[in-house]
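Below is one structure, written out as structure tokens, with a few remarks after it.
The values are calculated or read from the model by the stated rules, or taken from the named source; none is laboratory data. Keep in mind that this is a model prediction, so the values were computed, not measured. Glycine gets a Cβ as well: all are built from the backbone with ideal geometry, and neighbour counts include every protein chain shown. For the accessible areas, the whole protein counts, side chains as well, though only heavy atoms, and no ligand, DNA or RNA atoms are used. Shrake-Rupley method; radii C 1.70, N 1.55, O 1.52, S 1.80 Å.
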Amino acid sequence: MRGILCCLAALVLSSGALAGPWARDPGGFFATLSVERDRAGNSHASVYGEYGLSAGNMLGFDLGHGSAGESSLMLWWQRALSGKGPNRRAVSLGLGAIRRDGRYHAMGQFGTAWGRGFDSIPLLRRIPGGGWLAVESRSKLAIVRQEYPEEPDVIYEDPTYLTPQTTHKLDLTLGWHARDKLMLVNRFRFEQRDDTGLSGKLAVSAVRDLAGPAKLELGVIAPLAGEGELALRLGSWLEF
């Protein structure tokens, strides 16, 4: 949906944010509930979760609903790639569906992720508190059923046809542990869609520890290229 802005956070090691290329410990669980709204009145609500299945393997889900009436669900599996040194890499596969105009459409996803901590980056290792740098890409393919345009004196045996729709996303994230209970996350997000073309956004958020396993997120998202409106984000995180 045009004007709707996307999720903001990433993980560094055990910080409790979205995992990115870092795997969760077996049995570990993380979930976030968020709401976004832009100046044009568009809104989007989502529930996101991750579960550490085994060493290097993680399962997750992403459920979203927009004010335009479109809903989506994606279930995915992520595998951390082995390797020495400070670099962390992962690949993921997902299956899901979109509900649009009362119809359900199948969807698949392939993703890659790379990241490393500030302590292994010469220009950033001196920053107090530490942080992380991550690059994530995701490609989605949805098989959408559409109706043929109405024509006089033409009767279709099946008035619908299937067409593929693709979405490619690239996220560049820079996160900083500003204080013991405060993280600042900056994310450049680029998206290429069949229907709206290329867009770019800058998302900046602050994540504050609350009682127990809970965190509070407040953020703002500004469009850099393509269509979009300035948006605000409010979210809550839980980790067990």
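Worth a mention:
- Sole exception among (1) among the aliphatic types (A, V, I, L, M); (2) modelled with pLDDT of 85 or more; (3) more than 18 Å from the chain's Cα centre (by Cα) for Ala211, by number: (2)
- Filtering region 102-124 to residues that are open to solvent by 90 Å² or more (accessible area, probe 1.4 Å) and either outside any loop (DSSP other than H, G, I, E, B) or touching a residue at least 12 places away in the same chain (Cβ under 8 Å) (or both) leaves Tyr104, Phe110, Asp119.
- Condition met for Ala90 (among the aliphatic types (A, V, I, L, M), more than 27 Å from Gly228 (Cβ to Cβ) and loosely packed, with under 14 Cβ neighbours inside 10 Å): no
- Being of a type in the set (Ser, Thr, Tyr), closer than 15 Å to Ser34 by Cα and surrounded by 15 or more Cβ atoms within 10 Å (Cβ to Cβ) is a property that holds for Ser205.
- Region 60-100, residues that are touching a residue at least 60 places away in the same chain (Cβ under 8 Å) and touching a His at 6+ places or on another chain (Cβ under 6 Å): Gly66
- Criterion violated by Glu227 - all others in (1) open to solvent by less than 60 Å² (accessible area, probe 1.4 Å); (2) modelled with pLDDT under 90 satisfied: (1)
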